[in-house]
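The values are calculated or read from the model by the stated rules, or taken from the named source; none is laboratory data. Predicted, not measured: the structure shown is a model, and the values here were computed from it. In this analysis, Cβ positions are derived from the backbone assuming ideal geometry, glycine residues included, and neighbour counts consider all displayed protein chains. Just the protein is used for accessible areas: all its heavy atoms, side chains included, with ligands, DNA and RNA removed. Shrake-Rupley method; radii C 1.70, N 1.55, O 1.52, S 1.80 Å.
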Amino acid sequence: MSETPMPGMAKPATPTPLLGPSVVVPGGVVVAPAVAAVAAATVPAATVNAAAAAASLASGNPNGGSSTSVAAAASQAEPDMKGWLLKWTNYLKGYQKRWFVLSKGVLSYYRLVVPTSSLPDSNSLSSNNALMKKHSKKLKKNQAEMAHTCRGTISLHGALIHTVDSCTFVISNGGTQTFHIKAANEVERQSWVTALELAKAKAIRAMESDEEEEDNTANTIPSEELNLVVRELTVRLENLKTCYDLITKHGAALQRALSELETGDDLANKTKIVSERATLFRISSNAMINACSDYLQTAQTQGHKWSKMLQHERDQKLHLEEMVEQLARQHSHLEQAATRHRPNAATSASDDEDNEFYDAQEEGGSVTQEDSSFILNIPVTTHHNHRRNSNDATGSSSEGEDGNSETQQVLVVAENLDNMDVTDRISVHSSQALTPTLANQSKVVRKRRTRVPDKPNYPLNLWSIIKNCIGKDLSKIPMPVNFNEPLSMLQRLTEDFEYSEILDKAAQAKDTCEQLAYVTAFTVSSYSTTSNRTGKPFNPLLGETYECDRTDDLGWRCINEQVSHHPPMAAQYCEGRGWRCWQEFTMTSKFRGKYIQIVPLGYAHVEFPATGNRYTWRKVTTTVHNIIVGKLWVDNHGDMEIFGERNAKGVKCHLKYLPYSYFTRDTQRRVKGVVMDSSNQVKWVVNGTWDSKIEIAPVTSTSGSTENPVYKTGNYKTAWTRRMPPPDSDRYYNFTLLACQLNEPEPGVAPTDSRLRPDQRLMEDGKWNESNQEKLRLEEGQRARRRQREAEAETAAAEGRPYPPYEPIWFGKEKEEGTDNLVHVYNGTYWDAKAKGDWSKCSTIF
């Protein structure tokens, strides 16, 4: 039979009958059966099998199969979806036409140089050849410019995708980026939403597989891995040596046959011998080529793996060098600062402080009389665009338009501090005046515990965990419970209401600006426990809830629910005496080796129904220092803007949390701010520290210029004072009294309540090893449920039907007042369900 040679291979010799019946051996060479038998007996099996791969490579098909794999590979480079959509830019320009491209889990949009109105749509281009030729040059130019004119991107692995109306949908990654997009019709909108949901699922899977590969690569024992690689390469090298011996042998035989052919006797028989020797030499050569290819492939595969491990170690080395360099610089600065300030230092300073690295000062610092006067820079903004600008400032929809960055400098001067009304100060200062006690309650109050079991002392190799976590998102680091405290994030959010008596006082205020001053003090009080609480709360599972009903003694009750997993998001609703408060809490966090930085996203709200006043704010950044060396300590810093809505519209407070610094004369952990009315006139001053107390004072007179006004204040009164934890609280996670009671078992709660979470309960009981095992089991169960939802979504997309996203039980999505953002709002059904004992809507998550 005839055989067509593979591309790049020599055509078989013409006198095939001299060789007898032909067979085909790997490599596409036609040989006689006897020669094939010789080849099978002499060529190693591995190289014979590898010959098929070499033949397929020579044919232009590296997969050794159908050429459709090449087309499949090419199709993977194509974007998942692309097209023209309308995107919100700002209030001046509204929605603008942009070219969107969805590829590899990232949504990008472009603004081309050529006006979009001059470009034909896809239908006209496909139906009119003349028009296509006319615009082909423009299209080629635009496609070349697209790579250089990307206006913004958003990664979908942690994005929230929701629809606003029949044509509009919103994509947000939790607050740092938000795209408001409008399609031409409902069908186009649903197509994009479906494609985005599928791309999000694929991005999450790809991210997790990459992280698992990184962890497996980083955790591989080098000696075992090295032995495996050496053994495999040794086998490949032996194959190469065998092929080399065969080539030498058959090459010498071929040379002898050619020499004998020149003698001229029995030409036909000698020609046959030469042909067979040439065939054997060709087979040996192909086997050598295949063996080289196997060796090269193995070396490249292992080389890639070892390169990644080497790069990983290099990165760790660089991070360590940076940290050591920072340590050296800070040590030098501290020595210089200690030298400068040593004459003024207290003589009772402990010698042990010299052995601690960059530790913060002790708690309880107070504002001195000199601190009562201060200078504050206030950003000049208008209320109308505040909420929209808050999104734009973090990269949502402004497309590069600069916001209003002007500031106004104000000077606050305190008067008559020595003549302060002590009676008023004590009445506001006293916690008994605002906090209900057992003595003044007419009904029986449940007796609650006052502490939790002591924290056990378990040894932990800190660096073995931290070195593989540098640069990753904090919520994606598989931390053992040794770093935790036996509370979930939902319970930690409930601690915001430890000083709810401040809101009770605010509800009684008649003046709106004074009310906002008390609300400001309440927002500061939520940070008081961070000064000595460094444990990480448990990450809630999707659908996990937490209720806290303290109406019998503290006068409030709240319900929390984890409403999203990617990104992690919790919703909270609380109602008290004359006020109600709610928030949607999510955050972005990064672990940088030396410190952890947590940036809260989302807004918190408080409303006073009696007056219709509502106030909204976003929390400031929290940084945990000395992760590697020294004593852990926490700092809160940044600017907070609290602004009024509804009946309090126009009223606002600008509050500044000063970052901790050893090289400042200011009080550490200082907080200062001003409350302004609707005409931007300062009416109240807020001053204090976030770990001790907050004082407020009314403005009595104004002087100075319009650009740099000077405000004189009346007597300060204490709006909030921290209740210090018990002296032995360091034995049980530095919990306050309320924190000790949050995880106390309680009957009648939902089956998804954080109190029933087994790993958290085991940790509180001191069984940390069992807690770590339960934690892994719960996290794997959550991943399995998510994979199931993703598989159902892909099946629904393949069948062309919409797949409903996950919906919380006790909260629903509603459009936020004044914006197009959808936020989770309490639906008012939890307490009714608890009264009936109906938990049929709850799923099994523990």
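Can we say Arg665 is of a type in the set (D, E, K, R), surrounded by fewer than 17 Cβ atoms within 10 Å (Cβ to Cβ) and modelled with pLDDT under 90?
yes
If I go through the range 233-248 residue by residue, how many of them are under 21 Å from Trp306 (Cβ atoms) and either out of contact with any helix residue (DSSP H, G or I) (no Cβ under 6 Å at 6 or more places or on another chain) or loosely packed, with under 15 Cβ neighbours inside 10 Å (or both)?
Count: 4.
Counting only residues that are within 60 Å of the chain's Cα centre (by Cα) and hydrophobic (A, V, I, L, M, F, W, C), how many does the range 224-282 have?
Matching residues across the range 224-282 total 11.
Give the residue, chosen from Thr529, Thr523, Thr545, that is modelled with pLDDT of 95 or more, within 30 Å of Lys717 (Cα to Cα), buried (at least 21 other Cβ atoms within 10 Å of the Cβ) and among the β-branched types (Val, Ile, Thr).
Result: Thr523 is the single residue among Thr529, Thr523, Thr545 that is modelled with pLDDT of 95 or more, within 30 Å of Lys717 (Cα to Cα), buried (at least 21 other Cβ atoms within 10 Å of the Cβ) and among the β-branched types (Val, Ile, Thr).
Within the range 748-768, does at least one residue satisfy the condition of being more than 24 Å from Glu561 (Cα to Cα) and free of Cβ contacts under 8 Å to residues at least 12 places away in the same chain?
Among the residues of the range 748-768, at least one is more than 24 Å from Glu561 (Cα to Cα) and free of Cβ contacts under 8 Å to residues at least 12 places away in the same chain, which makes the answer yes.
In the range 643-702, what count of residues is obtained for those that are among the small types (Gly, Ala, Ser) and not in a loop (DSSP other than H, G, I, E, B)?
Count: 5.
Please give the number of the condition Tyr499 fails out of (1) surrounded by 21 or more Cβ atoms within 10 Å (Cβ to Cβ); (2) part of a helix (DSSP H, G or I).
Of the numbered conditions (1) surrounded by 21 or more Cβ atoms within 10 Å (Cβ to Cβ); (2) part of a helix (DSSP H, G or I), the odd one out for Tyr499 is (2).
I'd like to know if the range 645-660 contains one or more residues that are over 23 Å from Gln515 (Cα atoms) and surrounded by fewer than 19 Cβ atoms within 10 Å (Cβ to Cβ).
Looking for residues that are over 23 Å from Gln515 (Cα atoms) and surrounded by fewer than 19 Cβ atoms within 10 Å (Cβ to Cβ), one finds at least one in the range 645-660, hence yes.
Results for (1) over 21 Å from Lys619 (Cα atoms); (2) not hydroxyl-bearing (Ser, Thr, Tyr), shown as yes or no for each residue.
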residue	(1), (2)
Tyr657	no, no
Val674	no, yes
Trp690	no, yes
Val699	yes, yes
Pro727	yes, yes
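Does Ala278 fit the bill of being touching a helix residue (DSSP H, G or I) at 6+ places or on another chain (Cβ under 8 Å), at pLDDT 80 or above and on the phi < 0 side of the Ramachandran plot?
Answer is yes for this residue.
Criterion first (more than 29 Å from the chain's Cα centre (by Cα) and open to solvent by 60 Å² or more (accessible area, probe 1.4 Å)) does Asp730 satisfy it?
When the stated conditions are applied, Asp730 passes them.
Got a sec? Which helices (runs of 4 or more DSSP H) wholly within the range 743-846 have at least 1 residues that are of a type in the set (Lys, Arg) and either out of contact with any strand residue (DSSP E or B) (no Cβ under 9 Å at 6 or more places or on another chain) or open to solvent by 60 Å² or more (accessible area, probe 1.4 Å) (or both)?
Here the list reads 768-798, 830-836.
Return the residue satisfying two criteria in turn: it lies in the range 577-631 and is open to solvent by less than 10 Å² (accessible area, probe 1.4 Å) and of a type in the set (Ser, Thr, Tyr), and of such residues it is farthest from Asn539 (Cα to Cα).
Restricting to residues being open to solvent by less than 10 Å² (accessible area, probe 1.4 Å) and of a type in the set (Ser, Thr, Tyr), the top hit is Tyr615.
Go through (1) at pLDDT 95 or above; (2) within 32 Å of the chain's Cα centre (by Cα) for Trp720 and report which single condition fails.
Single failed check for Trp720: (2).
So which of Glu780, Glu807, Glu794 ends up being without any contact (Cβ under 8 Å) to a residue 12 or more places away in the chain, of a type in the set (D, E, K, R) and farther than 13 Å from Leu542 by Cβ?
Selected residue: Glu780, the only one of Glu780, Glu807, Glu794 that is without any contact (Cβ under 8 Å) to a residue 12 or more places away in the chain, of a type in the set (D, E, K, R) and farther than 13 Å from Leu542 by Cβ.
For the range 552-560, state whether one or more residues are open to solvent by 10 Å² or more (accessible area, probe 1.4 Å) and of a type in the set (S, T, N, Q).
no
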